[in-house]
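Each remark here refers to the structure printed beneath this line.
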Amino acid sequence: MPRHGRLLASIAAAGLLLAGCGSGPSQVGAAAIVGDTRIPVTEVQSWFTEVLAKEPDLKPQLQQQGQLDELGRQLASQLVRQELVEQAARDERLAVGDQQVNDLINQLGGPQAATAGKIYTPRNVREMARTQLLATELGRKYFDGLAVSFDYTQATTRREAEEKAHRMAQGPAAAAALVEADSRSGVPAATGQQLRAADSPQLAAATPLFGAQPGTVLAFESEPNSGQWLVVLIKERRADAPAAAPGAGSADDQTLQGVGMQLLGITADRVGVRLSPRYGVWDPVGLSAAPNEGETTGFRLTSAPDRS
């Protein structure tokens with residue numbers, strides 16, 4: 001695939017978009033506020049200009065396909081994710097050295113090859129490498145001990161998934177009643193399910209199941225554009241589950257990086273992410289942005305406490 005084609009595909013498919021920060025004088029000129037860190041719009045714009053300068057034929061292609069705004073959202077989203085990784089790394093006392101960054105860039109063929117046909121440029125390739133390495137270390141730290149207990153049901157439309165998520169979020173009793181009713185009617189649904197990241201590495205890397213605290217309700221498609229939605233109430237989450245059986249739990253660095261990125265959901269929930277409306281709305285499941293509320297990848301709600 002030509003490199004411009006690869007870049008266009010990455011813009012369309014990556015979903016690495018940003019969302020909007022609220023109003024207020026302290027947020028003027030901010031693309032995003034992540035916790036106490038402000039990401040200025042000028043940083044997004046500077047990167048945007050560099051990408052188009054690096055790929056001179058790209059701008060007319062993006063204009064023709066109506067994807068110039070998409071590129072801006074993806075760049076802003078990357079900056080937010082980089083900041084979330086940095087904050088998680090500080091919390092977890094994780095670090096990567098300059099030599100590790102150099103080694104990864106060299107493995108990718110050097111700065112020019114590593115950024116060809118991609119949104120990164122030789123100027124910020126080190127930030128890209130650092131983010132990947134820290135996310136991998138975050139995933140490595142928790143992968144072996146991650147386990148969740150949850151109740152779940154399914155839905156076949158976005159509207160149904162949202163409605164069920166809100167019903168689950170009314171509290172444990174409401175969630176149990178929903179699961180029981182769905183199960184009786186033939187919908188795949190159950191309570192008290194147990195899952196270890198080490199037993200399902202790809203699931204851990206591709207879904208938010210392990211990146212949510214107990215009491216969180218999640219609704220998301222089991223696979224993108226599949227029309228099959230999972231609606232889940234996380235009841236318990238452990239980071240110190242007993243070791244898996246021999247042979248289980250192996251994961252390569254790419255999978256561990258995906259797990260680490262999913263774990264950023266906990267950091268985002270804790271510190272808060274506010275994004276400028278010029279980049280869309282925050283998608284708390286995809287940890288990215290969507291053009292509007294109707295195009296997020298799912299729903300993430302906090303369940304009401306058990307009042308029994």
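Quick check on segment 158-306: take the gyration tensor over C-alpha atoms, sort the square-rooted eigenvalues as a ≥ b ≥ c, and tell me if it's rounded (a/c under 1.5), prolate or oblate. Because a/c hits 1.5 or more and a/b fails to exceed b/c, segment 158-306 counts as oblate. Among 195-206, 219-230, 131-142, the peptide with the highest mean count of other Cβ atoms within 10 Å heads the list, and the full ranking is 131-142, 195-206, 219-230.
The Cα atoms of segment 34-141 give a gyration tensor whose axes a ≥ b ≥ c have a/c of 1.5 or more with a/b no greater than b/c, which makes the shape oblate.
Taking a ≥ b ≥ c as the square roots of the Cα gyration tensor eigenvalues, the chain comes out prolate, since a/c reaches at least 1.5 and a/b is larger than b/c.
For the chain, carbon and sulfur atoms together expose 49% of the accessible surface, with a 1.4 angstrom probe and every protein chain in place.
Per-residue packing, averaged as other Cβ atoms within 10 Å, sorts the ranges 180-190, 160-170 into the order 160-170, 180-190, beginning with the highest. Probing with 1.4 Å while keeping every protein chain in the model, the per residue accessible area of the chain equals 47 Å².
Mean residue ellipticity at 222 nm from the helices of the chain, using -39,500 (n - 2.57) per DSSP H segment of n ≥ 4 over the full residue count, to the nearest 500 deg cm²/dmol? Show your work: numbers first, answer last.
Numbers: 11 runs with 141 residues, N = 308.
That comes out to -14500 deg cm²/dmol.
Spatially close Lys pairs in the chain, defined by Cα atoms under 26 Å apart and a spacing of eight or more places or different chains, total 4. Taking each residue as 0.36 nm, the span from residue 295 to residue 228 lengthens on full extension beyond its C-alpha to C-alpha distance by 22.5 nm.
The values are calculated or read from the model by the stated rules, or taken from the named source; none is laboratory data. These numbers come from a predicted model, not from an experiment. Neighbour counts are summed over all protein chains in view; Cβ atoms, including those assigned to glycine, are modelled from backbone coordinates with ideal geometry. Quick note on the areas: whole protein, heavy atoms, side chains included, nothing else; ligands and nucleic acids left out. Shrake-Rupley method; radii C 1.70, N 1.55, O 1.52, S 1.80 Å.
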